[in-house]
Amino acid sequence: MPLWYGGDHNPEQWPEEVWAEDVALMRRAGVNLVTVGVFSWSRLEPSEGRYTFGWLDRVLDLLADGGIRVDLAVPTASPPPWFSLAHPDALTVTRDGVRLTHGSRDTYCVSAPAYREASLRVTRALGERYRDHPALAMWHVHNEYGTPCHCDQAGAAFRTWLRERHGGLDALNDAWTTAFWGQHYSDWAQITPPRATQYLPNPAQALDFRRFVSEEMLAHFREQRDLLRELTPEVPVTTNYVLAGWASIDHWKWSREVDLVAVDHYPSGQGMAAAEQTAFAADLVRSWAGGRPWLLMEQATGYVLGPRMSPKEPGEIARHSLQHVARGSKGVMFFQWRASRGGAEQWHPGMLPHTGPDSRVFREVCDLGEALERIPTPPDEPVVEAEVAILWDEEAWWAVQGPGLPSAEIDYLAAAEQAHRVLWRQGVAACFAHPSHDLSAYRAVLVPSLYLISDEAARGLRAYVEGGGTLVVSFFSGIADEHTRIRLGGYPGALRETLGIRVEEFHPLAETVELPEYGRATVWSEIVHLDGAEAIARYPGGGPAVTRHRLGGGTAWYVSTRLDDRGYARVLAHAGLAGGGVPGVEVVRQRDRVFALNHTGDEQHVPVHGTDLITGKPVGGRLDPGGYVVVPV
């Protein structure tokens with residue numbers, strides 16, 4: 001099967017005479033898969049129980065005749081106006097207690113029974129009508145799950161979830177430390193979602209609510225997935241993740257529930273920063289998939305989340321796409337096929353821009369489609385072998401976003417991105433792992449600001465080091481348990497003995513500090529006492545800043561401040577993780593091929609020789625500025 005190539009197709013936005021033109025242009029571009037119907041609920045069901053499938057029948061028939069398969073969406077991310085009018089109690093309530101009105105997407109409460117029932121009705125209607133359609137390739141449930149609601153219906157579901165998690169009120173009061181500020185609960189009815197309050201909310205309550213949101217949305221997905229599997233047992237079912245701090249989704253858990261892990265990725269940086277972020281996202285999603293199929297479901301032909309909305313530079317569309325394919329994506333998809341002429345995202349870039357097919361962007365889209373036709377689909381098993389793992393735990397990220405921390409500048413995502421970025425620049429292949437995973441296969445494990453950690457995971461990290469592994473831990477790790485309760489006796493709590501140190505005090509930094517040989521230190525510093533470890537770098541006042549502890553057959557490193565990339569790279573080099581990569585030159589080795597991409601504006605040497613699958617030309621160890629090759633090995 002060839003790599004999937006295409007994007008979101010929204011024919012309902014256009015006159016019917018445009019539909020045939022779309023199919024012809026898709027064929028010209030090499031498109032073989034489109035997502036249809038993500039936001040079409042109001043067109044499919046204009047009033048309760050009355051379905052108008054005729055337009056969708058014609059769209060799917062046109063696509064099938066053109067040899068284009070369909071990722072058919074269940075449109076539950078955008079309930080129609082009639083539903084919102086009939087069920088105002090199913091509209092989203094913010095943490096400030098404001099009930100939102102219809103007028104955008106994602107304006108619903110996933111806990112509202114009326115919404116859940118309506119979701120299943122439209123899912124069944126779509127499944128029964130199109131289960132035998134030749135265009136159907138997969139089901140696409142919802143869109144970018146993650147929007148929370150703080151209404152009373154969500155509160156009732158939250159209390160049910162809390163009973164299952166904690167068992168009784170005594171256990172909950174202990175886990176939430178409700179003795180502080182007189183928050184002790186004597187009846188379940190007293191507990192609400194963490195709405196806006198006078199001052200700081202309870203951090204354990206806030207964290208549990210984010211866990212609940214993930215589980216509640218997963219239950220909504222499962223209901224539709226199970227119905228679709230019943231109707232079409234051979235058709236895979238997925239949903240598209242969004243990589244964003246607001247989305248309360250535990251992707252490790254969710255990835256066990258989907259048939260295909262799918263992700264939307266829009267880098268917030270531009271140029272080289274966008275290439276670094278793309279590699280980070282692709283490695284993260286590949287790790288969530290754990291050797292199972294995954295797909296880049298959305299990206300853009302331009303930058304939409306940066307400081308300005310602008311096209312990508314020539315060649316970037318292909319390079320960003322191939323970064324995902326190199327890491328195992330089953331294809332390359334975009335939002336959207338044809339740029340909208342109206343609506344909230346009318347300036348969102350499209351594969352077919354406002355200027356039409358006579359445009360640089362569409363020519364690059366066609367070139368990419370031709371290139372993808374020449375690259376074999378990667379197998380389902382892991383295609384990139386990595387010796388270094390970066391720990392990733394969404395719950396730890398949520399906790400660091402919580403209230404009342406010693407510094408508002410602690411940024412879990414930035415710490416994880418730095419760890420990956422420095423390895424990427426060194427040409428060191430990396431993957432991500434959960435703290436509870438078996439880490440014994442990795443020669444090194446990086447731990448970026450893992451604020452929360454369970455006792456079991458802490459024991460696992462110690463055993464990993466004792467067994468010969470190299471552990472590099474960043475500041476603000478191991479501090480609290482899974483209920484955000486601080487581990488007493490000195491920081492970094494659960495990792496103190498593994499690291500051979502005891503931190504007496506935190507000293508968040510208001511200005512930059514220079515560390516000899518390690519450069520600039522920002523955001524954070526600590527008073528570190530050695531308890532078996534040795535100091536590798538010191539603060540200007542003489543206290544340890546970077547330490548090394550030999551434990552059993554391995555070594556545990558600790559970085560007590562936020563180093564710049566050069567300083568962090570120096571730590572990794574001392575830990576044996578220096579690579580031979582050239583910054584901006586990406587070489588990803590799969591089992592049967594190697595991808596080489598030059599993100600720089602200069603010609604570069606690469607350790608790659610053979611025949612390029614894309615062009616059929618020989619590769620002699622050099623890459624043109626902005627060039628890329630795929631070579632069998």
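The values are calculated or read from the model by the stated rules, or taken from the named source; none is laboratory data. What you see is a predicted model; the values in this text were computed from it and never measured. We place every Cβ from the backbone using ideal geometry, glycine too, and count neighbours over all the protein chains shown.
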Is there a residue being farther than 29 Å from LEU405 by Cα, in a helix (DSSP H, G or I) and out of contact with any strand residue (DSSP E or B) (no Cβ under 9 Å at 6 or more places or on another chain) anywhere in region 563-574? yes
Determine whether ASP531 is more than 17 Å from SER477 (Cα to Cα) and in contact with a His (Cβ under 9 Å, 6 or more places away or on another chain). yes
Within region 61-99, restricting to residues that are crowded, with 16+ Cβ neighbours inside 10 Å, out of contact with any helix residue (DSSP H, G or I) (no Cβ under 7 Å at 6 or more places or on another chain) and among the aliphatic types (A, V, I, L, M), the one that is farthest from PHE158 (Cα to Cα) is ALA64
Kindly provide the set of residues from region 609-622 that are assigned to a strand (DSSP E or B) and within 15 Å of ILE375 (Cβ to Cβ), ordered by number. GLY610, THR611, VAL619
In region 323-337, what residues are part of a strand (DSSP E or B) and touching a helix residue (DSSP H, G or I) at 6+ places or on another chain (Cβ under 6 Å)? VAL332
Just to verify a result, which residue in region 231-284, among those that are of a type in the set (Asp, Glu) and touching a residue at least 12 places away in the same chain (Cβ under 8 Å), is surrounded by the fewest Cβ atoms within 10 Å (Cβ to Cβ)? GLU257
Could we say that ARG124 is in contact (Cβ under 8 Å) with a residue 12 or more places away in the chain, part of a helix (DSSP H, G or I), touching a Phe, Trp or Tyr at 6+ places or on another chain (Cβ under 7 Å) and closer than 25 Å to LEU63 by Cα here? no
Has region 264-272 got at least one residue that is over 15 Å from ARG319 (Cα atoms) and of a type in the set (Phe, Trp, Tyr)? no
Search result, residues across region 20-37 that are surrounded by fewer than 17 Cβ atoms within 10 Å (Cβ to Cβ), under 13 Å from LEU63 (Cα atoms) and touching a residue at least 24 places away in the same chain (Cβ under 8 Å): ALA20, ALA24, ARG27
Given the options VAL513, VAL503, VAL546, VAL523, name the one that is under 34 Å from the mean Cα position of the chain (by Cα), on the phi > 0 side of the Ramachandran plot and surrounded by 14 or more Cβ atoms within 10 Å (Cβ to Cβ). VAL523
Check on ARG570, surrounded by fewer than 17 Cβ atoms within 10 Å (Cβ to Cβ), basic (Lys, Arg), touching a residue at least 40 places away in the same chain (Cβ under 8 Å) and outside the structural domain of GLY328 (by TED's automatic domain parsing): no
If you take just the helices (runs of 4 or more DSSP H) that sit entirely in region 359-432, which of them hold at least 1 residues that are without any contact (Cβ under 8 Å) to a residue 12 or more places away in the chain and not basic (Lys, Arg)? 412-426
